[in-house]
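Encoded as structure tokens, the structure appears first; notes follow it.
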Amino acid sequence: MAPVRPLTQAEIRASFVNASKGDAKRAEMPDLAAVQWDSLDYFGWIDAKRDQLAYTSFVVAGPQGEEVRTMLLRRAPAPRERRKLMCSWCQDITATDNVTLWVAPRAGASGRQGNTVGTSICTDFSCSKNSRRVPTSMELQDQADRDWWQQQRVDGLRQRSRAFLDLVTQTL
């Protein structure tokens, strides 16, 4: 699997799988020209305009030719006591203070009935960067295996993020 290919606003707006056309139209897009696409395994952003509503628009895309699919996510209410979490996508053990429980309405009729699925993801969607970081000595004894280790983490991130998107779009 290759990194995310550059996307356009029109492509993103047309690819929402669990949002209405109105939600897709109202989504505040970041400056896509400034995105470093070749270093991303998925593309996620916080909708600044609707951040007070705790919504996030989130794009999962693949290599050239793969279908672009976009999810709408909500932050789950924060617990009274902040707890450290591990991102279920990048599974980074060093970034546990920057993880949030995100909830996605299911696609189709199930989502319109209020059914959701959730998972813990890096709050700022930095999983691609986290997957490529230098491993700690606890994680990897032989630094000669570093490239292999990083590729395993990147492959795992891509598989887990796409599996969550598949779960969101799965019909019950």
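What residue, of Gly44, Gly62, Gly108, Gly22, is of a type in the set (Gly, Ala, Ser) and on the phi > 0 side of the Ramachandran plot?
Working: Gly44 fails: on the phi > 0 side of the Ramachandran plot; Gly62 fails: on the phi > 0 side of the Ramachandran plot; Gly22 fails: on the phi > 0 side of the Ramachandran plot.
Every option except Gly108 fails the conditions.
Going by the conditions given, is Arg5 of a type in the set (Lys, Arg), within 17 Å of the chain's Cα centre (by Cα) and surrounded by 12 or more Cβ atoms within 10 Å (Cβ to Cβ)? Criteria met by Arg5.
Could you count how many residues in segment 75-88 are within 12 Å of the chain's Cα centre (by Cα) and either without any contact (Cβ under 8 Å) to a residue 40 or more places away in the chain or closer than 12 Å to Gly118 by Cβ (or both)? Give the steps one after another, and end with the answer.
Just the residues of segment 75-88 that are within 12 Å of the chain's Cα centre (by Cα), to begin with: 87-88.
With either without any contact (Cβ under 8 Å) to a residue 40 or more places away in the chain or closer than 12 Å to Gly118 by Cβ (or both) added as a condition, the list becomes 88.
Going through segment 75-88 one residue at a time, the tally reaches 1.
Look at segment 112-126 and say how many of its residues are under 16 Å from Thr56 (Cα atoms) and not in a loop (DSSP other than H, G, I, E, B). Talk me through it step by step, then tell me what you get.
Within segment 112-126, the first condition is being under 16 Å from Thr56 (Cα atoms), and the residues that meet it are 116-126.
Narrowing further to those that are not in a loop (DSSP other than H, G, I, E, B): 116-122.
Residues that pass the stated criteria total 7.
If the condition is being assigned to a helix (DSSP H, G or I), hydrophobic (A, V, I, L, M, F, W, C) and farther than 27 Å from Thr70 by Cβ, then segment 127-172 contributes Ala144, Trp148, Trp149. Considering only segment 27-37, I want to know if a residue exists there that is part of a loop (DSSP other than H, G, I, E, B) and within 12 Å of the chain's Cα centre (by Cα). No - not one qualifying residue is present in segment 27-37.
Of a type in the set (Gly, Ala, Ser) and within 21 Å of Ser39 (Cα to Cα): is that true of Ser110 in this structure? Full working, then the answer.
Working: of a type in the set (Gly, Ala, Ser): yes; within 21 Å of Ser39 (Cα to Cα): no.
The answer is no for Ser110.
The set of residues from segment 106-134 being among the aliphatic types (A, V, I, L, M), within 30 Å of Gln150 (Cα to Cα) and surrounded by fewer than 16 Cβ atoms within 10 Å (Cβ to Cβ) comprises just one member, Val134. Scanning segment 131-172 for residues that are in contact with a helix residue (DSSP H, G or I) (Cβ under 8 Å, 6 or more places away or on another chain), polar (S, T, N, Q) and over 13 Å from Val60 (Cα atoms) yields Ser131, Gln150, Thr171.
Among the criteria (1) modelled with pLDDT of 95 or more; (2) closer than 23 Å to Ala48 by Cβ, the one Val117 does not fulfil is (2). Consider segment 135-158 and keep the residues that are out of contact with any Ser or Thr (no Cβ under 6 Å at 6 or more places or on another chain) and in contact (Cβ under 8 Å) with a residue 60 or more places away in the chain. The one that is surrounded by the most Cβ atoms within 10 Å (Cβ to Cβ) is Arg158.
For segment 50-60, the condition holds for at least one residue, the condition being that it is surrounded by 12 or more Cβ atoms within 10 Å (Cβ to Cβ), farther than 23 Å from Gly108 by Cα and not aromatic (Phe, Trp, Tyr).
Residue-wise test of (1) touching a strand residue (DSSP E or B) at 6+ places or on another chain (Cβ under 7 Å); (2) aliphatic (A, V, I, L, M).
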position: Ala19; (1), (2): yes, yes
position: Asp23; (1), (2): yes, no
position: Leu32; (1), (2): no, yes
position: Glu66; (1), (2): no, no
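The values are calculated or read from the model by the stated rules, or taken from the named source; none is laboratory data. Since the structure is predicted, the reported quantities are computational estimates derived from the model, not experimental observations. Cβ: placed from backbone, ideal geometry, glycine included. Neighbour counts: every protein chain shown.
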